[in-house]
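Q: Input: one structure, supplied below.
The values are calculated or read from the model by the stated rules, or taken from the named source; none is laboratory data. In this text, all values refer to a predicted model and were calculated from it rather than measured experimentally. Cβ atoms come from the backbone with ideal geometry, glycine included; neighbour counts cover every protein chain shown.
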Amino acid sequence: MRTQVAIIGGGPSGLLLGQLLHKAGIDTVILERQSRAHVLGRIRAGVLEAGLVGLMNEAGVGARLQRESFLHHGTNIAYPGGVFHLDFKELIDQHVTVYGQTELTRDLYEARDRSELLTLHECDGVTLCDIETKNPFVEFVQDGKSKRLDCDIIAGCDGFHGPSRQAIPKAKRREFEKVYPFGWLGILSETPPVDDELIYANSDKGFALCSMRNPALSRYYVQCDLSDSPDDWSDDRFWDALKQRIPKAAAERLVTGPSIEKSIAPLRSFVCEPMQWGRLFLCGDAAHIVPPTGAKGLNTAASDVHYLWQALLAFYEEHDETGLNTYSDTALRRVWKTQRFSWYMTRLLHHFPDLSEFDLKVQRAELAHLAENRAAQVALAQNYVGLPY
Ligand code: FAS
Ligand code: PHB
């Protein structure tokens, strides 16, 4: 089997790259470890930057997103000193788009089917070979048979636990990591969202986030201990904790109901440098992870895809390898800016067990400054809606 670009991983990074390359007549094959149902069963991101929406439209996959998404022109930040609204439209005349990653992934799969592009599911033992040559290939097992995919380029879109990053020689990889002493317990409930926009809450009891997927489907999170499991949290315990952490007015109008999904995500900041090795190029969670506080995980995967897509167009259409040779440096410049913002939002909004009295005072002062200072609000808004590619 042979293709131009072998894409490892059928999550949003791999699917979006595949669709953009298809539009340019560049052939891809996606190798995915899980079944499609498993991939589409994941509940993850909910806030899209304009850059990602633009790429979906560029890939010809934006129709349902345009029809069913919601524009948010601001967000709310609550803290023990009060609540303030960040008005993105008034501050910077921009917005974000609310549309679940699950639906975005579904749209990309359906587009790939319509384009009759090859996506191989339940591939085991994916192994990257000869990545330092101009003829790399991937070996894998599917339906009990050993198979080989020859290609020009390998795009490692296989998430944090995939094999691509490990294919970069360990001695050549620099990995930067920060693990946070808490997780996010998230639920999905078929209830109306508590507000028209998101509410990020820093409370003495810990962090909470009120988000949504549509007018009848809400997404809520509370900060929890790393030792917790979803089974430790009954729905009643979750709703009580949420009500204690969000503004009183919101707690009073909150509509509760049974959770239809409940999971805990650990929080980590992680970056692998470089993001390429020979003919292997990493995109998305394969190269970097952020705590979801700034809604940057999926959106930074999108900017990686943009840079690699542009580099591959030049490579195939003009035989120009400049973009490929500089991909890692280009992508990392934006990756570190979203790492900084995600770390900043996480430090600002969470209850850290090791926070000294001084640190707590500084955290409160930062929130009070944000509540009253336009320049600080503009800076936060610019990062939240998405820095330019
Ligand atoms: P993904 O991990 O989505 O996809 C990688 C794909 O590679 C998967 O389908 C996997 O099955 C496949 N794969 C792995 N190993 C393989 C192998 N050996 N062979 C073949 N395929 C293999 N981001 C936000 O912005 N907001 C959020 O609220 C948010 N919540 C999250 C909650 C959780 C629990 C997690 C884990 C992440 C969350 N993220 C969030 C980040 C998330 O949205 C990622 O940034 C996004 O999924 C990145 O997409 P990919 O890079 O495609 O990686
Ligand atoms: C979500 O809706 O899942 C979501 C929104 C914003 C975040 C994190 C998660 O910062």
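Q: Consider region 358-389. How many of its residues are closer than 18 Å to H73 by Cα, without any contact (Cβ under 8 Å) to a residue 40 or more places away in the chain and either surrounded by 15 or more Cβ atoms within 10 Å (Cβ to Cβ) or among the polar types (S, T, N, Q) (or both)?
A: The number of residues fulfilling the criteria is 1.
Q: Which one is farthest from M275 (Cα to Cα), of the residues in region 330-350 that are of a type outside the set (A, V, I, L, M, F, W, C) and surrounded by fewer than 17 Cβ atoms within 10 Å (Cβ to Cβ)?
A: Among residues in region 330-350 that are of a type outside the set (A, V, I, L, M, F, W, C) and surrounded by fewer than 17 Cβ atoms within 10 Å (Cβ to Cβ), the one farthest from M275 (Cα to Cα) is Y344.
Q: Moving on to the next point. Looking at region 174-197, which of its residues are assigned to a strand (DSSP E or B), hydroxyl-bearing (S, T, Y) and more than 30 Å from L332 (Cβ to Cβ)?
A: S189
Q: Now a separate question. Among the numbered conditions (1) of a type in the set (G, A, S); (2) within 12 Å of ligand 1 (Cβ to nearest atom); (3) within 18 Å of H350 (Cβ to Cβ); (4) in contact with a strand residue (DSSP E or B) (Cβ under 7 Å, 6 or more places away or on another chain), tell me where A241 comes up short.
A: (2)
Q: Here's another thing I want to ask about it. When you scan region 51-63, do you find a residue that is in contact with a strand residue (DSSP E or B) (Cβ under 7 Å, 6 or more places away or on another chain), on the phi < 0 side of the Ramachandran plot and touching a residue at least 24 places away in the same chain (Cβ under 8 Å), even just one?
A: yes
Q: Looking only at region 1-51, count how many residues are assigned to a helix (DSSP H, G or I) and buried (at least 24 other Cβ atoms within 10 Å of the Cβ).
A: Looking only at that region, the number is 10.
Q: I've got another one for you. Got a sec? Which helices (runs of 4 or more DSSP H) wholly within region 305-383 have at least 3 residues that are β-branched (V, I, T) and within 21 Å of G294 (Cα to Cα)?
A: So the answer is 327-349.
Q: Still on this structure, please answer the following. I need a count of the residues in region 223-261 that are outside any helix (DSSP H, G or I), within 19 Å of D196 (Cβ to Cβ) and among the hydrophobic types (A, V, I, L, M, F, W, C).
A: Here the count works out to 3.
Q: Considering only region 290-302, I want to know if a residue exists there that is under 16 Å from the mean Cα position of the chain (by Cα), in a loop (DSSP other than H, G, I, E, B) and more than 8 Å from ligand 1 (Cβ to nearest atom).
A: yes
Q: Separate question: Within region 179-194, can one find any residue that is more than 11 Å from ligand 1 (Cβ to nearest atom), surrounded by fewer than 22 Cβ atoms within 10 Å (Cβ to Cβ) and at positive phi?
A: No, region 179-194 has no match at all.
Q: Quick one: which residue in V255, V222 is surrounded by 20 or more Cβ atoms within 10 Å (Cβ to Cβ), in contact (Cβ under 8 Å) with a residue 24 or more places away in the chain, more than 22 Å from V385 (Cβ to Cβ) and of a type outside the set (K, R)?
A: Criteria check complete, one pass: V222.
Q: Out of the residues in region 158-173 that are assigned to a loop (DSSP other than H, G, I, E, B) and within 16 Å of ligand 1 (Cβ to nearest atom), state the one that is farthest from the chain's Cα centre (by Cα).
A: Of everything passing the filter in region 158-173, I168 is farthest from the chain's Cα centre (by Cα).
Q: Next up: Look through region 225-242, keep the residues that are crowded, with 17+ Cβ neighbours inside 10 Å and over 12 Å from G257 (Cα atoms), and return whichever of them is nearest to ligand 2 (Cβ to nearest atom).
A: Among residues in region 225-242 that are crowded, with 17+ Cβ neighbours inside 10 Å and over 12 Å from G257 (Cα atoms), the one nearest to ligand 2 (Cβ to nearest atom) is L242.
Q: A follow-up question, please. Has region 217-232 got at least one residue that is at pLDDT 95 or above and more than 25 Å from the chain's Cα centre (by Cα)?
A: yes
Q: If you don't mind, another one. Among the residues of region 1-32, how many are within 19 Å of E139 (Cβ to Cβ) and within 19 Å of the chain's Cα centre (by Cα)?
A: Looking only at that region, the number is 6.
Q: Find the residue count for region 303-332, including only residues that are on the phi > 0 side of the Ramachandran plot and within 16 Å of ligand 1 (Cβ to nearest atom).
A: 0
Q: Follow-up question, since we're still on this one. Condition check: polar (S, T, N, Q), within 23 Å of A371 (Cα to Cα), surrounded by fewer than 22 Cβ atoms within 10 Å (Cβ to Cβ) and away from ligand 1 (no atom under 16 Å from the Cβ). Does N57 satisfy that?
A: The answer is no for N57.
Q: On to the next question. Any residue at all in region 294-315 that is within 30 Å of I199 (Cα to Cα), among the hydroxyl-bearing types (S, T, Y), within 15 Å of ligand 2 (Cβ to nearest atom) and at pLDDT 95 or above?
A: Among the residues of region 294-315, at least one is within 30 Å of I199 (Cα to Cα), among the hydroxyl-bearing types (S, T, Y), within 15 Å of ligand 2 (Cβ to nearest atom) and at pLDDT 95 or above, which makes the answer yes.
Q: Among the residues of region 198-220, is there at least one that is within 10 Å of ligand 2 (Cβ to nearest atom), in a loop (DSSP other than H, G, I, E, B) and within 18 Å of K248 (Cα to Cα)?
A: The answer is yes; a qualifying residue exists.
Q: Out of curiosity, is A311 farther than 23 Å from L370 by Cα and either touching a residue at least 40 places away in the same chain (Cβ under 8 Å) or not aliphatic (A, V, I, L, M) (or both)?
A: Answer is no for this residue.
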